[in-house]
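Here's the structure we're looking at; comments come further down.
The values are calculated or read from the model by the stated rules, or taken from the named source; none is laboratory data. For clarity, every value in this text was computed on a predicted model and none was experimentally measured. All Cβ positions, even for glycine, are placed from backbone atoms using ideal geometry, and neighbour counts span all protein chains on display.
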Amino acid sequence: MFALLFVKMDPLWHHDGWPGRKEADRLPDACAVFAAPARQLFPKLAAQPSPAATTGDIRENDCEWGSSSLSLHYTLFRYALGQDGGIEHAKRSYREQTAQTTADTKTPLHGIGDRALLTVSGTVRARQIQITARKSNVVAWIVYTPPAGEDAKDAAVATAERMAREALGVVAPR
């Protein structure tokens, strides 16, 4: 009875060492990932990294350029005894983040990680673009405010999508 209760509360198949489970064990450097596009889009802004943080089964790494011009925030979730697996934590976090998102346009993106949602504020000109994406046990959140003069909403969205592909492309589940 005790073993059944333990397995129900702590499914071992959610452990990152379980055969067939592919989870990332570290995060890329957010400032390095967006260094080239940030230099091109915002040449006068310097990267402002936040110290990498680890709290229990969660690791974070983020970087921003300007107060709201461009930012990349990574969160890696790990298995926690009696809690759940990293992938399950990431799925839950992704659902919560995307449910709270308010914008003029919400569009699922395909081919970026396991799930991705694009939100655009502004109907004619993109005032701000956010992409929340999940790959395995990592959630990435990208915020992009197109520079003045980039009036074409489609061009700004395409730029944000390219950056999101790059941000999730360097996440390496093992």
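Please state which one of Ser93, Ser136 is within 17 Å of the chain's Cα centre (by Cα), crowded, with 20+ Cβ neighbours inside 10 Å, under 30 Å from Trp13 (Cα atoms) and at pLDDT 95 or above.
Ser136
Yes or no: Ala164 modelled with pLDDT of 90 or more, closer than 18 Å to Ala35 by Cα, part of a helix (DSSP H, G or I) and among the small types (Gly, Ala, Ser)?
Values: modelled with pLDDT of 90 or more: yes; closer than 18 Å to Ala35 by Cα: yes; part of a helix (DSSP H, G or I): yes; among the small types (Gly, Ala, Ser): yes.
Yes.
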Checklist outcome for this item: Ala36: passes all of (1) part of a helix (DSSP H, G or I); (2) small (Gly, Ala, Ser); (3) under 19 Å from Arg174 (Cα atoms) but (3)
Checklist outcome for this item: Scanning the range 146-167 residue by residue, those buried (at least 22 other Cβ atoms within 10 Å of the Cβ) and over 30 Å from Arg78 (Cα atoms) turn out to be Pro146, Ala156
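Name the single residue that is farthest from Pro146 (Cα to Cα) among those in the range 59-105 being in a strand (DSSP E or B) and acidic (Asp, Glu). So that I can check it myself, show each step before the final result.
If we filter the range 59-105 for residues that are in a strand (DSSP E or B), which is where we start, we get 59-65, 70-77, 80, 84, 105.
This time we only want the ones that are acidic (Asp, Glu), so: 60, 62, 64, 84.
On the way: Glu60: 25, Asp62: 19, Glu64: 14, Asp84: 38 Å.
Looking at residues that are in a strand (DSSP E or B) and acidic (Asp, Glu), I get Asp84.
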Checklist entry - Out of curiosity, is Gly85 within 19 Å of the chain's Cα centre (by Cα) and surrounded by 16 or more Cβ atoms within 10 Å (Cβ to Cβ)? => result yes
Item to check | Lone qualifier among Thr132, Thr119, Thr107, Thr98 - being farther than 24 Å from Pro43 by Cβ, touching a Phe, Trp or Tyr at 6+ places or on another chain (Cβ under 6 Å) and hydroxyl-bearing (Ser, Thr, Tyr) | outcome: Thr132
